[in-house]
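Here's the structure, in structure tokens; my notes come after.
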Amino acid sequence: MAGEFVRAWQAEQAEQAGQAVCLAVSRAVSEGLLRVLAEVDGALTGRRRSRFARRPRPLPDRRLFPDAYLDREAGEEFRARHGAAMRRRVCDAVGRTLTLVGHAHETGGDPVVVTVSGEVVPDVFCALAHAQAPYLPRPRWNARVDWPTVTLRKGGRELTWLVTCQTALAEAALADGDTETVFTA
């Protein structure tokens, strides 16, 4: 396959009883995912990728998590109580996903095939969902996206591939049998 693409299918894991999802992406998409996940990891942890890199822009809890209540004050109280645990969950998921995609990318193959075991699917799904936060207007859960023109704006290509990978992963994980999901650009 030429160009940018995402392909996903369910694969039986030989070494374990259970399902795995294979997510095959072009090298360009895997490089983009690695860059985005590294930036989000830096924004969540405050760590720079290198000594000379600029300090990452922080991602506050208000940007990451929707209000739990209609009342803004009650929503802020909820975030004060649960924000640290929710943030830690997202940070861990992004770190594990970054490692998973990084290992697959380092194999040098084209396409890059990321094998996601059944118990890790929620981590990857969570990481791909929260990595969209920097690319959507605030608040992101109410954002209306003009998908036909999204790639024309800054960060549009990254947003498109995050959503595409997340959708393919979900469809493959929930599929019955030998269903394959393919998205190309």
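The values are calculated or read from the model by the stated rules, or taken from the named source; none is laboratory data. Note that this is a predicted model, so its numbers are computed, not measured. Methodologically, a virtual Cβ is constructed for each residue, glycine included, from the backbone with ideal geometry; neighbour enumeration extends over all protein chains shown. When the accessible area is computed, the model is the full protein with side chains, heavy atoms only, and any ligands, DNA or RNA have been set aside. Shrake-Rupley method; radii C 1.70, N 1.55, O 1.52, S 1.80 Å.
Quick notes on this one:
- Only one of the listed residues (LEU23, LEU70) is of a type in the set (A, V, I, L, M) and either assigned to a helix (DSSP H, G or I) or within 17 Å of the chain's Cα centre (by Cα) (or both). That residue is LEU23.
- Close contacts from the range 54-73, counting a first residue that is free of Cβ contacts under 8 Å to residues at least 40 places away in the same chain and a second that is of a type in the set (A, V, I, L, M, F, W, C), with Cβ to Cβ under 7 Å and a gap of 6+ residues or different chains, come to PRO56/ALA43; PRO58/ALA43; PHE65/MET86; ALA68/PHE78; TYR69/PHE78.
- Neighbours by Cβ (under 7 Å, 6+ apart or cross-chain): first from the range 147-172, closer than 18 Å to TRP9 by Cβ; second of a type in the set (Phe, Trp, Tyr) and modelled with pLDDT under 85: THR164/PHE183; ALA168/PHE183
- SER117, sole failed condition from (1) open to solvent by 30 Å² or more (accessible area, probe 1.4 Å); (2) modelled with pLDDT under 95: (1)
- Condition met for ALA104 (modelled with pLDDT of 85 or more and touching a Gly at 6+ places or on another chain (Cβ under 9 Å)): no
- The criterion of being modelled with pLDDT under 95 and hydroxyl-bearing (Ser, Thr, Tyr) holds for THR160.
- Among the residues of the range 54-67, the ones that are open to solvent by 70 Å² or more (accessible area, probe 1.4 Å), of a type outside the set (D, E, K, R) and in a helix (DSSP H, G or I) come to 0 in all.
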